[in-house]
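The values are calculated or read from the model by the stated rules, or taken from the named source; none is laboratory data. Computed from a predicted structure; not experimentally measured. Cβ atoms come from the backbone with ideal geometry, glycine included; neighbour counts cover every protein chain shown.
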Amino acid sequence: MATMPASASDLLKSFKLKTKQQELLIRVSILCLVYILAFITRLFSVLRYESMIHEFDPYFNYRTTLYLTENGFYDFWNWFDYESWYPLGRIVGGTLYPGLMVTAVLIYRILRFLRFAVHIREVCVLTAPFFASNTTLVAYFFGKEIWDSGAGLVAAILIAICPGYISRSVAGSYDNEGVAIFALLFTFYVFVKAVNTGSLAWSLASAFGYFYMVSAWGGYVFIINLIPLYVLVLLITGRYSMRLYVAYNCMYILGMLLAMQIRFVGFQHVQSGEHMAAMGVFFLMQVFYFLDWVKHMLSDTKLFQAFLRITVTCAVAVGGIALGLGMVSGYISPWTGRFYSLLDPTYAKDHIPIIASVSEHQPTAWSSFMFDFHILLFLFPAGLYFCFKRLSDATIFIVMYGLTSMYFAGVMVRLILVATPAVCLISAIAVSATVKNLTVLLRSKNKVVQTGSTKGSGGSKSSSKALLDQSQPFQKNGAIALLFGAFYLLSRYATHCTWVTSEAYSSPSIVLAARGAHGNRVIFDDYREAYFWLRQNTPQDAKVMSWWDYGYQITAMGNRTVIVDNNTWNNTHIATVGRAMSSYEDEAIEIIRSLDVDYVLVVFGGVTGYSSDDINKFLWMVRIGGGVFPVIKEPDYLVNGEYRVDKGAAPKMLNCLMYKLCYYRFGEMLTEYGKPPGYDRARGVEIGNKDVKLEHLEEAFTTSNWIVRIYRVKPPNNRW
Amino acid sequence: MDAPIRAREALGFILFSLLFSICRSSSLNHLLISNAERRIDLSSHIVKVYLTLKVENAGSTPTSEVFLSFPPTQVDHLATVEALVTKGKRKKTTLVRLDVKPTELPDAPNDAKYFTIYLANPLKSGESTTLEVLYLLTHSQEPFPAEIAQSESQLVYYRDSALILSPYHIKQQTTFIKTPSTKVESFTRVEPSNRAGTEIKYGPYEDHPPYSFSPILIHFENNSPFAVVEELVREVEISHWGNLQVTEQYTLVHAGARHKGVFSRVDFQSRPTLNGASSLRYLLARLPPRVHSVYYRDEIGNISSSHLRTDSRKSELEIEPRYPLFGGWKATFVIGYGLPLQDFLFETSDDRRYLNFTFGCPLLETVVDKLTVKVVLPEGSKDPSAVVPFPVEQHLETKYSYLDVVGRTVVVMEKKNLVPTHNSHFQVYYTFKPIFMLAEPLMLASAFFLFFVACVAYLHIDLSIRK
């Protein structure tokens, strides 16, 4: 024991943090803030509207999650759903990725165990923001792994508010992507870590990350192709190492075995064309290892060269023959349409109209790149430059991830999501490296004045110092200006992200909001009005026919059986519905009766000016129907290649079932002041057929703004 | 206030037992009704019957019980029976409520059911008194035709007797029936009877012996929506931090003539008076004053069509279902609101606390077929007991809410067939130690403390195996 004053000063000293501790404290607090920010920026929709599930697919996920909470895992796994795809039904347990539902239920159970009396809906609504927060942490560690902790922090901040990611992870968008992006980035991070360290533990972790990804989203195919490609690139560039061997083999074998446990994926890892690259690279690794061993054993290089040639030729030949045999015998299935459409963007348009009809499968426009990435779009090439300047196993990975995912993002709008983490990470490298260089420039100048050059700093530092010595005053001002410029850009980015989140990505699309005449907010809650009406006032076993877009919502909110839904697994069935909608009423009623339909539901925006209604989607119904039933021909519905609903419309258009159902008694309706009755506000024309008569169907319900119209199928007349 | 009632009850009980032993059956014969007037109000779907009886004791012994009899079909729909007697003279009259209880009599003709009114003071021989009886009938108007189209108006049958069913001789009686509109399709004539405007008058009839019955059938237009709550679960959760949270789950149905065929939105929007006249467009709920955080939602989310009006004495919540309810259509929804605790929670002199809250359904003009009131007491409260002004079924449950360890005691009360007059207060008494209020904050605080301790420990302990 020392004297009193000494111990007191010791105490004071122990309270004062060391620089390293200060740095840790700042880093942890920034991470905590980013974690919170990522969560709360996604709550716009909850504050604007309410805690509800958005869009279409999330309703299916929500319904299955409810089923899982109520009936337990085994019932869920063996669930045969009679309520969709009537009369076929759907084996739900075998045709979905259960990761999301299981995660939500797990969170729900934990919260319940901790006595938080939450409803499963709240858990579902907040799952995506929660995982987005977790993604920021992974991004930090990933950035730290490939560059340094500064880049990690910047990456965490960028990804926390990047609109490309927010678009799929706002509160309420309870979709597979919400957890899958976390799983994707986690798998990549852990794999890179495994490659860097050669540790079996990290490799095992990446296998589990991959398993989680497989259980959560069909996008796992991207991982199972990117990682082999990366390994191949490393092999070609002569970066083969024992670390890579351990990391890849363990990850591939365990990941594959684990992935087979998911029923929907099954044996695809050994049977489908999309997964063959991974297997090929796996065997290539063994050949490499073998060659390495032989090289080690043989001292004669000439002999080894000859051996190498023979082995490589044999290996390639054996691989090619195996693949060919597999393809011919049908053991290995060819690539699916979706995969083809990724490689060839025009493929879907010509061959699979059902994929082409989905708006999020369209090729990406430049504006949406700008909208979703903003400054990241030009920080990305800068980041690539920095990566190339400091090539390592990790930076090669992120470069490859960035480039491939950028390509896919260009092919399909929805794949911007996959590119977002890479773009954020690479941009973060650019930002971090630039800012670091600039601040080093600013700070080391003083040091130069005071102490001269300091040894031991990085190469970039010393080079900047060399520059600094030549033209000091100009350099300093320039650095300050550049720093301000960078901060200005970043603050613009933050503003843009917040604006995009609040304006574009936070509307649930179930509830529509518009500005009224006096600037007040008008809410159109017609979808739920109709679905709730179905739920309460139709027989329990009623079958509802609608276009497939609304299938999930009708089953989840209306609790009624549907003919087709958003799981577009049976093209013929959808085409049958398309055919019914585009036939004359007396032809359609045959199809409707054969499908045992009780109610027909259409979405109509003519009164409110809501443009994504069934009339505007109608040509896709014709195309998809015509793809299977050649009776339906697209030109019959067009006039000189033009699609119209007014007096000049094609006669078949004016009398098809969809037209009749949408415009039934609409001719009497005054929608807009100063316009004739029957003025369609969504298309801005007066309709062509105002005297719509229905023979076999009758109006059962129309919502208050006419957005959803439900018709009852009349029973056949008595024969006497 | 409590004491006089007790005394009266005790007095009544003594008298009752005395009378029961002396003149059990004779009390029926000794009374007669010198004048009876009945007013039946059919303007809503709840039938309100006001009966004014002038009862005279013609026997020799004083009696304090008067029997009311009802046909068995009416008893099933009888929601409430109240009896009042006027006291005082002329301007200073006050109405005093009397006890009414269902009774069984052994020699009831045609399964007639009885209610006994216990008079406060026994009626001496030769004396007479005037009783005001009010009873409400639910589900007593039968739609005919049972199915109507959107543009048709709703016609209903009402069945009753032109003569008041009574175990006593009635010297003179008159019945007035008020219909909601002048549109009356038909009514049974029992001379003298006539109709003027919205009123049908039966009587006056003179000197009818006990159990006289003359069935009548009235067929008239009633376009008031038949709002029936098939099931209502009200949960009142007490938090001693100052809030009373009420959650009400409704299953609402339009019990009028069933909707048939087409629902046309054009017609409904353009001609609202002619189309869907009997449809249920909105409901009014009367909530206590100082209500806050009101919500109105259903299984699939918030329903945006509701308005709240508050003033210092009451709050009114106007709610529209998602769609107008036609006959046979259903809607389920939840209303929730918070109330300041000090308005409803009080302390008794013996350190017990009690909640004083309304029992029935806050919606106006609705019938509730089955009501469950659940009072969730705070965690750690003991000895709950409920005092309700009418008979209810009671039991206890346990509920787990946020951060509960042992669970909260729930007092559950169930009652069938309720009308708005059941909106009287009930009390739930319990004991609670304020120290329990701190349990949950302390738990949270210690959890965070442990978390930070774990963080500190993690940062200071080197767990690596290799050095």
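Quickly run through segment B:347-370 and pick out the residues that are outside any strand (DSSP E or B) and among the aromatic types (Phe, Trp, Tyr).
B:Phe359 - this is the single residue of segment B:347-370 that is outside any strand (DSSP E or B) and among the aromatic types (Phe, Trp, Tyr).
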Matching residues, segment A:673-694, being touching a residue at least 60 places away in the same chain (Cβ under 8 Å) and either touching a helix residue (DSSP H, G or I) at 6+ places or on another chain (Cβ under 6 Å) or within 11 Å of chain B (Cβ to nearest Cβ) (or both): A:Ile687, A:Leu694
Members of segment A:634-664 found to be surrounded by fewer than 19 Cβ atoms within 10 Å (Cβ to Cβ) and among the basic types (Lys, Arg), listed by number: A:Arg644, A:Lys647, A:Lys652
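Considering only strands (runs of 3 or more DSSP E) fully contained in segment B:280-339, which possess at least 3 residues that are within 28 Å of A:His119 (Cα to Cα) and within 12 Å of chain A (Cβ to nearest Cβ)?
Numbers: elements: B:283-287, B:292-298, B:306-310, B:315-319.
Hits in segment B:280-339: B:292-298.
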Counted residues, segment B:86-132 - those being loosely packed, with under 15 Cβ neighbours inside 10 Å and part of a loop (DSSP other than H, G, I, E, B): 10
Options B:Leu131, B:Leu136: the member that is of a type in the set (A, V, I, L, M) and more than 21 Å from B:Thr73 (Cα to Cα): B:Leu131
Restricting segment B:133-169 to residues that are in contact with a His (Cβ under 8 Å, 6 or more places away or on another chain) and of a type in the set (S, T, N, Q), the residue that is surrounded by the most Cβ atoms within 10 Å (Cβ to Cβ): B:Gln141
Candidate set: segment A:123-144, residues that are over 21 Å from the mean Cα position of the chain (by Cα) and surrounded by fewer than 24 Cβ atoms within 10 Å (Cβ to Cβ); chosen: the one nearest to B:Leu444 (Cα to Cα): A:Phe141
Among (1) among the aliphatic types (A, V, I, L, M); (2) within 25 Å of A:Lys144 (Cβ to Cβ); (3) surrounded by 21 or more Cβ atoms within 10 Å (Cβ to Cβ) - the single one A:Leu384 does not satisfy: (3)
Selected residue (only one of A:Tyr165, A:Tyr97 is closer than 16 Å to A:Arg63 by Cα, more than 14 Å from chain B (Cβ to nearest Cβ), among the hydroxyl-bearing types (Ser, Thr, Tyr) and under 18 Å from the mean Cα position of the chain (by Cα)): A:Tyr97
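Does A:Asn249 fit the bill of being within 20 Å of the chain's Cα centre (by Cα) and at pLDDT 90 or above?
Criteria not met by A:Asn249.
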Residues within segment A:665-713 that are charged (D, E, K, R) and surrounded by 16 or more Cβ atoms within 10 Å (Cβ to Cβ), tallied: 9
Index of the failed condition, B:Val367 passing every other in (1) crowded, with 20+ Cβ neighbours inside 10 Å; (2) at the interface with another protein chain (Cβ under 9 Å from one of its Cβ atoms): (2)
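Would you pick out the residues in segment A:79-93 that are part of a strand (DSSP E or B) and surrounded by 13 or more Cβ atoms within 10 Å (Cβ to Cβ)?
Hits for segment A:79-93 are A:Asp81, A:Arg90, A:Ile91.
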Any hit, segment A:242-250, residues being within 16 Å of A:Phe282 (Cα to Cα), of a type in the set (Val, Ile, Thr) and assigned to a helix (DSSP H, G or I): yes
Subset of segment A:660-672 (residues that are part of a helix (DSSP H, G or I) and within 14 Å of chain B (Cβ to nearest Cβ)): A:Leu661, A:Cys662, A:Tyr663, A:Phe666, A:Gly667, A:Glu668
Residue check for A:Ile589: over 23 Å from A:Ala700 (Cα atoms) and of a type in the set (Val, Ile, Thr): no
Index of the failed condition, B:Pro389 passing every other in (1) surrounded by 14 or more Cβ atoms within 10 Å (Cβ to Cβ); (2) away from chain A (no Cβ under 14 Å); (3) touching a strand residue (DSSP E or B) at 6+ places or on another chain (Cβ under 8 Å): (1)
So B:Lys124, is it free of Cβ contacts under 8 Å to residues at least 24 places away in the same chain and more than 30 Å from B:Glu221 (Cβ to Cβ): no
Conditions (1) surrounded by fewer than 14 Cβ atoms within 10 Å (Cβ to Cβ); (2) at pLDDT below 90; (3) away from chain A (no Cβ under 14 Å); number of the one not met by B:Glu397: (2)
Lone unmet requirement of (1) among the hydroxyl-bearing types (Ser, Thr, Tyr); (2) away from every other protein chain (no Cβ under 14 Å); (3) part of a loop (DSSP other than H, G, I, E, B) for A:Ser704: (2)
Unmet requirement for B:Val266, which otherwise passes all of (1) within 14 Å of chain A (Cβ to nearest Cβ); (2) among the aliphatic types (A, V, I, L, M); (3) under 25 Å from B:Val236 (Cα atoms): (3)
Identity of the residue in segment A:514-547, more than 30 Å from the chain's Cα centre (by Cα), more than 30 Å from A:Arg623 (Cα to Cα) and aliphatic (A, V, I, L, M), that ends up nearest to the other protein chains (Cβ to nearest Cβ): A:Val522
Total residues in segment A:35-78, condition in a helix (DSSP H, G or I), touching a residue at least 40 places away in the same chain (Cβ under 8 Å) and among the acidic types (Asp, Glu): 1
Residue list for segment B:400-444, filter: within 14 Å of chain A (Cβ to nearest Cβ), exposed (fewer than 14 other Cβ atoms within 10 Å of the Cβ) and in contact (Cβ under 8 Å) with a residue 40 or more places away in the chain: B:Met443, B:Leu444
First in segment B:375-394 and within 19 Å of B:Val233 (Cα to Cα) and without any contact (Cβ under 8 Å) to a residue 40 or more places away in the chain, second anywhere and of a type in the set (Asp, Glu) and part of a strand (DSSP E or B), Cβ under 9 Å, 6 or more apart: B:Val392/B:Glu414; B:Glu393/B:Glu414; B:Gln394/B:Glu414
